[in-house]
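Trainee: One structure, pasted below without further comment.
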Amino acid sequence: MKFIETDISGVVVIELEKHEDERGWFARAWCREEFTARGLRTDLVECNLSYNEKRGTLRGMHFQVAPHAEAKLVRCVAGATHDVALDLRPESPSHGKSIGVELSADNGRALFLPEGIAHGFQTLMDHSTLFYQMSSAYSPEAAAGVRWDDSAFGIEWPLPDPIVSARDQSFPDFTV
């Protein structure tokens, strides 16, 4: 695996190192020792799938608050998505900043997000599926979010007229 630091501390893009031959390829997608060596959380306790029927579906920006704050390792296993990490950690030098990364079944990239980072994505293809590994189990009372189009962040989404749930539309404006 190749670990690529981003402009947001702790948010890392992970690229597969494929070993190819005439049959196809093999790549390691997870290694506790390699993650630990880079200071990334390895106590992943839950895995989730998110299937998205239509191109343009937008989900986010989601996170869980303490004591159920979670780190996430996100990978697109079918189709393609534009994934966004938004730094909501008040003490962080990149507080309020976001990055966008294309994850796809073809490129095999994953995105690691530490606690305090909100996550969202927009599908670039019909029938896109994300696979999540989480450091904390889902806790409805800790589920939170900020609006995907909040002007405080200026996140640029690749496709116009996204398909967004009523819940994600209803997140309040961000306040410090």
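Where a number appears in this text, it was derived from the coordinates with a stated rule and is not lab data. Because the structure is a prediction, the values reported are computed rather than measured. As a convention, Cβ positions derive from the backbone with ideal geometry for all residues, glycine included, and neighbour counts pool all protein chains shown.
Trainee: If you put +1 on each Lys and Arg Cβ and -1 on each Asp and Glu Cβ, how big is the dipole of region 101-155 around its Cα centre, in Debye rounded to 20?
Mentor: 80 debye
Trainee: What percent does the relative contact order of region 56-121 come to when contacts are Cα pairs within less than 8 Å and at least six residues apart?
Mentor: Working: 127 pairs, mean separation 31.6, N = 66.
Rounded, it is 48 percent for region 56-121.
Trainee: Further question: Whole percent per 10 Å bin, from 0 to the bin with the longest distance: what is P(r) over all C-alpha pairs of region 105-145?
Mentor: 17, 53, 27, 3
Trainee: Which whole-Hz ³J(HN,Hα) couplings does region 136-144 yield from phi under the Karplus relation 6.51 cos²θ - 1.76 cosθ + 1.60, θ = phi - 60°, glycine and proline marked x?
Mentor: Here the 3J(HN,Hα) series is 9, 5, 4, 10, x, 6, 9, 5, 8 Hz.
Trainee: Any idea what the dipole of the chain comes to, in debye rounded to 20, about its Cα centre with Lys/Arg Cβ at +1 and Asp/Glu Cβ at -1?
Mentor: In total the dipole reaches around 200 debye.
Trainee: Give me the number: length gained by fully extending residue 141 to residue 107, i.e. 0.36 nm times residue separation minus the C-alpha to C-alpha distance, one decimal in nm. Working shown, then result.
Mentor: Numbers: separation 34, 0.36 × 34 = 12.24 nm, distance 3.50 nm.
That pair, residue 141 and residue 107, stretches by 8.7 nm at full extension.
Trainee: Within a 10 angstrom radius of the beta carbon, how do 11, 77 rank from fewest other beta carbons to most?
Mentor: Ordered by Cβ neighbours within 10 Å, fewest first: 77, 11.
Trainee: Rounded to two decimals, what is the ratio between the C-alpha radius of gyration of region 1-96 and 2.2 N^0.38 Å?
Mentor: Normalised Rg, Cα atoms only: 1.25.
Trainee: Which order do 136, 151, 128, 9 fall in if you start with the one that has the fewest other Cβ atoms within 10 Å?
Mentor: Arranged by neighbour count, lowest to highest, 136, 151, 128, 9 become 151, 9, 136, 128.
Trainee: Once you treat every alpha carbon in region 94-172 as an equal point and sum by Debye, what is log10 I(q)/I(0) at q = 0.13 Å⁻¹?
Mentor: Taking Cα atoms of region 94-172 as identical point scatterers yields -0.49.
Trainee: In addition: May I ask you to sort 30, 148 by Cβ crowding, counting other Cβ atoms within 10 Å and putting the fewest first?
Mentor: 30, 148
Trainee: Here is a further query. Mean projection of the alpha-carbon convex hull of the chain over all orientations, in nm²?
Mentor: That works out to 10.5 nm².
Trainee: Among 27, 118, 159, pick out the residue whose Cα is farthest towards the positive end of the charge dipole of the chain, where Lys and Arg carry +1 and Asp and Glu carry -1 on C-beta, about the Cα centre.
Mentor: Positive-end residue among those listed: 27.
Trainee: Something else: What does the helix-only formula give at 222 nm for the chain: each DSSP H stretch with n ≥ 4 adding -39500 (n - 2.57), the total divided by the residues, and the result rounded to the nearest 500 deg cm²/dmol?
Mentor: After summing the helix terms and dividing by the residues of the chain, the value is -1000 deg cm²/dmol.
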